[in-house]
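Contents: one structure, followed by commentary.
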Amino acid sequence: MTTVTMENLSTLFRDKLYRIPDYQRGYAWNIKQLEEFWNDIDLLEEGTKEHYLGVLTTQDVPQDEYSKLTNDKWLIENKHYSPIYIVDGQQRITTCLLLLCAIVEVSENIYQSSELNYTNIDDVKKRFFYEKKGNHDLYSMIFGYLSDDPLHNFLAGHVYKIPNSFSVLNEVRTKYTSNLEEAYSYFISKLKDLPFENIEKIFSKLTTRLVFNTYNVSERLDVFVTFETMNNRGKELSVLELLKNRLIYLTTLIPDNTSNADKHVREKINLTWKTLYDYLGKNSENLLDDDTFLSAFLSVYHFPENLLSKQTIRNRRTIFRGFSYHFYDRDYNSYILDEVFTVKNIRNEFINLNDIHHFITELSKNVVIWYELENQVDAEYSIELLQLVLEYNQIYSSRRSIERPLYKMRMFDYFINNPEENKRIKFLETMNYINLIKQIFITFSNTSDISIKIEKTIVSFESSEILDFSKIRKDLLGILRDPHNTGEIISLLRESVKNDYNGNKRINFYNSNFPTTYLLSKYETTKLSKNKEVISKEFLAKYLGDNKHYNIEHILPKAQTPSKGWEGVLDDYNADQKHNLKNTLGNLVRISSEKNNCMGNKSFQHKKDKFYSGTYSERIIASQYNVWNQESIKKRGREILTLLLDILGIPKISKTKKDIILGLDEL
């Protein structure tokens, strides 16, 4: 039977033990929801008027699941507490408990109060948070998660502050623990500056005037289906979160399972999702998105095609071949629920427990690879492999945004199937070479014979079932080294940095499709290696990782009007020539973002003084150039361009031809 009542927090917490079941996601509210919740309480006027919080759906914990409450049995058997699962509404009731914890924390530690509205604070803790088992050093949480959930320990140690419950060594941090911590800190910050009498008013509102419409569903209702049906309320669940519930549900449908294999698989599902959220939330500064990871995994996981619709098969093939960019769409992921892991497929025996077990085993194993690709310094990569991974990302970061998701999937797929470092290095060396060539010579607007020939060669390689790294490099070198192609190659290199908005005379290495950031970075790391300088993982991650720590500085400022210290440098040049001198390769250097913010349009002498304590590229400029003019810019540009030609395998060309590519041929 389903019972329906209206209850506030005080009536809800009468001899009841609440647990979030394993098929639920963790705490997901962010600042937006927290602010709305706080404002609802703040705007609730004094009096007897109540505020409706919504539906709270619960289910009595089935007796065959009491084993999950081993440490709490004394409350159930000796004090007759009723164990309750929260099926829907956990985000709201968890938020209520977090605010209540914050009220207790501020009352005790800021106002040194032992009471709230004449209620002893120890009694508040005993009623809502935890209770001690007599004289034993054992505590049971009144509201919380199952004991094997990382959120259980976090709530006990960091929020409830149960004695002896905090352990840094055993702590697992996930995005959900981060959300709990953020919410708790948010409420502390709101409360700590309020007068104590206002805090007591909030306590009264919270415990007596916020009401839930509570539904206790009978065991005859399918709680897993109920959970999915209720997903349209509150913050939308990710497909990864829904998938956990679905898989657990399917394990309960296996007929006449006498071996308890379904229970073992259910335990494996829970362990898998703990692993997933451990890795997805492991780096608090780089939290990884659920559905982005799931998209990547599904794109490389091989399902029997009889399970998939024709449209899904087409979508998967076009994504894998790089012809589609709907890689991170939530809707794209939904086929895993709509077509693969379905009740129909279980009942028709198209999938079984072994299929589920294999799927979650691969999911658990491959989230580690995904985490390492997104947090390279934490990976056990050699310096050589780390640099190649970062360069792979760097080359692709300058490509059109719709193409960027695809490159991660390709590297992810190869790393899954090839754990050996030497194979990964060979793959990345080849792909970086190919992607660099694509970046420079293949564009939508470029239809030259050489570009078409290069593109056909690469497409043939990428569509082959067996990747022949030696052959593709040999084939591409054959095109680039053919003396009959030299003139067109120079034209294409020039074309790649042309400023389309200002005619053919202007170039722009700073803002074009040319992989300038990659090349300047490669120049730096090549110089460091040749001079046997120590290169750390941390430096590579910052220098090659993104533009957050290092970005490009114009040595000769790009400002229209010459600033102090630069008078006369550009007097003999027309507008096009001035533009090219400022934006050509030799005038650009990657420096720390902090230093770049201070440089501005300052003189070369000022910049030179700062360069002495910078990267190797900066120190070369500081030590080898006394003035900065067109000859300095030409000399440095030719040197860096020579490095690019060497990487591509293009034979040596004259200084005059280099100047054409650099946009300095008319100076």
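Stretched out fully, how many nm does the piece from ARG173 to SER463 gain, at 0.36 nm a residue minus the Cα gap?
Extra length available between ARG173 and SER463 comes to 100.3 nm.
Could you tell me how many degrees, from 0 to 90 and to the nearest 10, lie between the Cα long axis of helix 630-648 and the main elongation axis, the longest principal axis, of the Cα atoms of the chain?
Taking the Cα atoms of the chain, the angle to 630-648 is about 70 degrees.
Can you list the trypsin sites (Lys or Arg not before Pro) in region 1-56 that are in a DSSP coil and have 15 or fewer other beta carbons within 10 angstrom? Before the final figure, lay out the partial values.
Working: sites: ARG14, LYS16, ARG19, ARG25, LYS32, LYS49; in loops: ARG14, ARG25, LYS49.
Of the trypsin sites (Lys or Arg not before Pro), the ones in loops of region 1-56 whose Cβ has at most 15 other Cβ atoms within 10 Å are ARG14, LYS49.
Just the accessible area per residue of the chain, please: how many Å² with a 1.4 Å probe?
Per-residue value: 47 Å².
Given the peptides 116-122, 158-164, arrange them by the average over their residues of other C-beta atoms within 10 Å, most packed first.
Highest mean packing first, the order is 158-164, 116-122.
Just subtract the alpha-carbon distance of ASN198 and HIS302 from 0.36 nm times their residue separation and send over the number in nm, one decimal.
Result: 31.6 nm gained on full extension.
Quick check for you: which residues of region 653-667 have the amide N under 12 Å from the point 7 Å beyond the Cα of ASP572 toward its beta carbon?
667
Scan region 1-105 for GluC sites (Glu not before Pro) in coil per DSSP, keeping those whose Cβ has at most 10 other Cβ atoms within 10 Å, and list them by number.
In loop regions of region 1-105 (DSSP not H, G, I, E or B), the sparsely surrounded GluC sites (Glu not before Pro) are GLU45, GLU46.
Taking the Cβ-Cβ separation of ILE490 and VAL627 as r and a Förster radius of 25 Å, what is the calculated FRET efficiency to the nearest 0.05? Kindly include the intermediate steps, with their values, before the conclusion.
Details: r = 29 Å, r/R0 = 1.18.
The pair ILE490/VAL627 has a calculated efficiency of 0.25.
On the protein heavy atoms, probe 1.4 angstrom, tell me the percent of accessible surface of the chain carried by carbon and sulfur.
On the chain, the fraction of accessible area on carbon and sulfur atoms equals 47 percent.
In the full protein assembly as shown, how much of HIS136 is accessible to a 1.4 Å probe, in Å² to the nearest 10?
110 Å²
Over region 567-667, calculate the relative contact order: mean separation of alpha carbon pairs under 8 Å at least 6 apart, over the residue count, as a percent. Write down the numbers at each step before the final one.
Working: 68 pairs, mean separation 36.9, N = 101.
Result for region 567-667 is 37 percent.
In whole angstrom, note down how far apart the Cα centers of region 175-208 and region 529-556 are.
44 Å
Taking the Cβ-Cβ separation of ALA559 and ASN531 as r and a Förster radius of 45 Å, what is the calculated FRET efficiency to the nearest 0.05?
After rounding, the FRET efficiency stands at 0.85.
To check you understand DSSP bridge types, tell me what percent of the beta bridges within the chain (both residues inside) are antiparallel, rounded to 5.
The answer is about 60 percent antiparallel.
Calculated FRET efficiency, TRP74 and GLU421, Cβ-Cβ r, R0 60 Å, to nearest 0.05?
With a Förster radius of 60 Å, E is 0.70.
Want the number for SER284 to THR361: 0.36 nm per residue separation, take away the alpha-carbon distance, what's left? Can you show the working numbers first?
Numbers: separation 77, 0.36 × 77 = 27.72 nm, distance 2.52 nm.
Extra length available between SER284 and THR361 comes to 25.2 nm.
What value, in deg cm²/dmol to 500, does the helix sum -39500 (n - 2.57) over DSSP H runs of n ≥ 4 give at 222 nm once divided by the residues of the chain?
Calculated mean residue ellipticity at 222 nm is -16000 deg cm²/dmol.
By average Cβ neighbour count within 10 Å, what is the ranking of 67-73, 236-242 from highest down?
By packing density, highest mean first, the sequence is 236-242, 67-73.
Mind checking which of ILE489, PHE143, ASN352 is farthest towards the positive end of the chain's charge dipole, using Cβ charges of +1 (Lys, Arg) and -1 (Asp, Glu) about the Cα centre?
With unit charges placed on the Cβ atoms, the residue in question is ILE489.
Could you list the chymotrypsin sites (Phe, Trp or Tyr not before Pro) in region 433-499 that lie in coil according to DSSP, counting only those with at most 12 other Cβ atoms within 10 Å of their Cβ? Kindly include the intermediate steps, with their values, before the conclusion.
On the way: sites: TYR433, PHE441, PHE444, PHE461, PHE469; in loops: PHE444.
Those that pass, being in a loop and sparsely packed, are PHE444.
The values are calculated or read from the model by the stated rules, or taken from the named source; none is laboratory data. Since we're looking at a predicted model, the values are computed, not measured. All Cβ positions, even for glycine, are placed from backbone atoms using ideal geometry, and neighbour counts span all protein chains on display. What goes into the accessible areas is simple: the full protein's heavy atoms, side chains included, and nothing from ligands, DNA or RNA. Shrake-Rupley method; radii C 1.70, N 1.55, O 1.52, S 1.80 Å.
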